[in-house]
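Structure record follows, encoded as structure tokens.
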Amino acid sequence: MLEGKTVNLRVMEKEDLTLFAEWLNKPEVFGEYNPLHQMSRTEVEKISENPHEEKLFIIEKKDGSKIGFIAHFYVLHVAGRQLEIGYSLLPNERGKGYCSEAVKIMADYLFLSKDVGRIQAQTDPRNTGSQKVLEKAGFKKEGTLRKNFFVRGEWRDACLYSILREEWKEPRILTKTASR
Ligand SMILES: CC(C)(COP(=O)(O)OP(=O)(O)OC[C@H]1O[C@@H](n2cnc3c(N)ncnc32)[C@H](O)[C@@H]1OP(=O)(O)O)[C@@H](O)C(=O)NCCC(=O)NCCS
């Protein structure tokens, strides 16, 4: 468990998959800037076995209620691979600072546990909330990937954000010794 001030990140377990599949299949959970998914529970189970090594965490409030998820995964390229994150919150839990905290916790965790020089994220240029979340966690905008995602019937641009290890400097929420 990665403990923050208002939320914790907990590795997704098998028993969470039914709820996660429910979320995946509800367009409102992913919002208007993400692709539509329709996946069976069996397909959802396979996500954890995929070549991108996706690792999913449930975002939980301090009372244990499950309000969304955050994931890290690798984007493969012939010259190497990049560590990327993605996240979504349930609609009624947005705008309360939870995702900003979840991204800070995830950046701390990844820089403390993996020998990586950067973490990246991609977001629709109109997704102001997501861009603010990233900027508050210290990510910087690198540029625009043109027509990078096929979302809801059209090819859309993506803003590429990243944070470098030297920009992160030190944990913002977790500590170097433990997160308990
Ligand atoms: C984008 C998303 C993750 C933001 O999470 P959140 O917990 O609501 O964000 P926070 O409450 O931490 O807000 C961070 C900042 O963004 C602002 N913000 C949040 N949603 C916003 C919106 N829709 N429009 C404009 N600003 C917004 C907040 O006011 C806050 O700014 P402040 O610190 O200056 O007050 C959430 O809206 C969501 O899950 N959206 C649907 C899925 C999605 O788009 N995922 C990201 C894909 S890249």
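Data table
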item	result
Selected residue [part of a strand (DSSP E or B) and not small (Gly, Ala, Ser)] from Leu110, Leu145	Leu145
Pairs where the first residue, in the range 77-105, is on the phi > 0 side of the Ramachandran plot and the second is open to solvent by 20 Å² or more (accessible area, probe 1.4 Å) and in a helix (DSSP H, G or I), C-beta under 9 Å, 6+ apart	Gly95/Gly129; Gly97/Lys136
Criterion: surrounded by 11 or more Cβ atoms within 10 Å (Cβ to Cβ) and modelled with pLDDT under 95 - qualifying residue of Ser179, Ser162	Ser179
Near pairs, Cβ below 7 angstrom, 6+ apart or cross-chain, from the range 125-151 (closer than 21 Å to Asp108 by Cα) to any residue that is within 9 Å of the ligand (Cβ to nearest atom) and among the small types (Gly, Ala, Ser)	Val133/Ser100; Leu134/Ala121; Lys136/Ser100; Ala137/Ser100; Phe139/Ala121
Filter result for Glu135 (surrounded by fewer than 16 Cβ atoms within 10 Å (Cβ to Cβ), modelled with pLDDT of 95 or more and outside any helix (DSSP H, G or I))	no
Residues of the range 125-136 that turn out to be within 7 Å of the ligand (Cβ to nearest atom) and in contact with a helix residue (DSSP H, G or I) (Cβ under 9 Å, 6 or more places away or on another chain), as a count	5
Flag for Gly80 being within 12 Å of the ligand (Cβ to nearest atom) and open to solvent by less than 40 Å² (accessible area, probe 1.4 Å)	no
The range 1-33, residues that are in a loop (DSSP other than H, G, I, E, B) and surrounded by fewer than 15 Cβ atoms within 10 Å (Cβ to Cβ)	Met1, Lys5, Thr6, Glu13, Lys26, Glu32
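The values are calculated or read from the model by the stated rules, or taken from the named source; none is laboratory data. Fair warning: this is a prediction, and the values are worked out from it, not measured in the lab. Heads up, the Cβs are rebuilt from the backbone with ideal geometry, glycines too, and the neighbour counts pull from every protein chain shown. For the accessible areas, the whole protein counts, side chains as well, though only heavy atoms, and no ligand, DNA or RNA atoms are used. Shrake-Rupley method; radii C 1.70, N 1.55, O 1.52, S 1.80 Å.
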